[in-house]
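Before any comments, here is the structure.
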Amino acid sequence: DQQVKQNSPSLSVQEGRISILNCDYTNSMFDYFLWYKKYPAEGPTFLISISSIKDKNEDGRFTVFLNKSAKHLSLHIVPSQPGDSAVYFCAASVDGTSYGKLTFGQGTILTVHP
Amino acid sequence: EAQVTQNPRYLITVTGKKLTVTCSQNMNHEYMSWYRQDPGLGLRQIYYSMNVEVTDKGDVPEGYKVSRKEKRNFPLILESPSPNQTSLYFCASTPSFVAGPRRTDTQYFGPGTRLTVL
């Protein structure tokens with residue numbers, strides 16, 4: 001049973017526009033959420049995170065929004081750049097950290113066209 | 001250079017032949033994990049370790065063993081590999097959480113090991 005779901009396998013956007021990647025979860029015990037970016041032939045790299053006590057966290061061009069009642073989070077990238085083209089994974093934990101048990105979504109392939 | 005290394009990077013083996021994928025980190029991190037990545041399933045955690053001699057199961061531990069005898073190393077052992085363990089494997093390490101303007105407990109992933117079991 002997939003507790004963290006990314007229902008869009010792929011997303012294509014134009015350079016300079018906004019990219020919105022979505023993630024849904026079913027376990028109400030999740031209290032910490034993360035986004036990772038992965039380029040081909042490399043390991044994932046941490047992008048941004050959010051605790052369940054917040055509904056928004058911003059870091060430069062990246063903003064993560066959390067809607068606990070809907071069990072939904074989203075990653076906004078503004079403006080999108082061709083170098084953002086990668087696979088994006090959302091992940092969640094129940095212990096407020098990223099180093100214990102961590103559950104990932106299936107990933108969304110983002111393509112940013114020049 | 002701070003890094004997580006995995007060896008081998010590529011491996012083709014046959015069913016039943018025991019193998020070990022090594023993982024080493026030079027950042028003195030307490031926490032380490034193993035994941036597998038499969039198409040349509042994303043990343044799934046196999047095992048994680050909170051410290052030396054402390055390991056725990058992730059979501060898909062069946063068919064795998066791990067050990068954490070030293071802080072820097074966290075090998076993944078497949079005692080009797082089967083074709084359904086053909087996958088891309090990632091090791092990760094994480095420092096302790098330190099409160100501050102920016103969280104420090106972010107995971108650092110290795111480059112991956114592509115394993116094929118025939």
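The values are calculated or read from the model by the stated rules, or taken from the named source; none is laboratory data. What you are looking at is a predicted structure, and each value in this text was computed from that prediction instead of being measured. Cβ atoms come from the backbone with ideal geometry, glycine included; neighbour counts cover every protein chain shown. Ligands, DNA and RNA are stripped out before the accessible areas are found, and what is left, the full protein with its side chains, is counted by its heavy atoms. Shrake-Rupley method; radii C 1.70, N 1.55, O 1.52, S 1.80 Å.
General remarks:
- In Å, descending, principal axis extents of the Cα set of the range A:29-83: 35, 24, 16
- Of the accessible area of chain A, computed with a 1.4 Å probe over protein heavy atoms only, carbon and sulfur atoms account for 51 percent.
- If R0 is taken as 30 Å, the Cβ-Cβ distance between A:H76 and B:E62 corresponds to a FRET efficiency of 0.20.
- About its Cα centre, the dipole of the protein assembly as shown is roughly 260 debye, where the only charges are +1 on Lys and Arg Cβ and -1 on Asp and Glu Cβ.
- Relative contact order (%) - criterion: Cα under 8 Å, at least six apart; region: chain A: 37
- Chain A - charge dipole about Cα centre, Lys and Arg +1 at Cβ, Asp and Glu -1, debye rounded to 20: 100
- Estimated FRET transfer efficiency when R0 is 30 angstrom, pair A:I109-B:Y10 (beta carbons, to 0.05): 0.85
- Once the chain from B:S96 to B:T20 is taken as fully extended at 0.36 nm per residue, the excess over their C-alpha distance is 24.7 nm.
- For B:P111, the shell of other residues with beta-carbons less than 14 Å away shows a net charge of +1, using +1 for Lys and Arg and -1 for Asp and Glu.
- Å² of accessible area per residue within the range A:14-74, as computed with a 1.4 Å probe and no ligands counted: 51
- Inter-centroid distance (Cα atoms) of the range A:1-62 relative to the range B:14-68, Å: 23
- B/A buried area, accessible surface, summed, 1.4 Å probe, Å²: 2000
- Residues listed by number, the range A:73-114, amide nitrogen under 17 Å from B:N51 label point at 7 Å toward C-beta: A:99-101
- Chain A: C-alpha pair distances exceeding 23 Å, %: 22
- On the basis of the beta-carbon distance and an R0 of 25 Å, A:L11 and A:K68 show a calculated FRET efficiency of 0.60.
- Of the solvent-accessible surface of chain B, computed with a 1.4 Å probe over protein heavy atoms with every protein chain present, carbon and sulfur atoms account for 53 percent.
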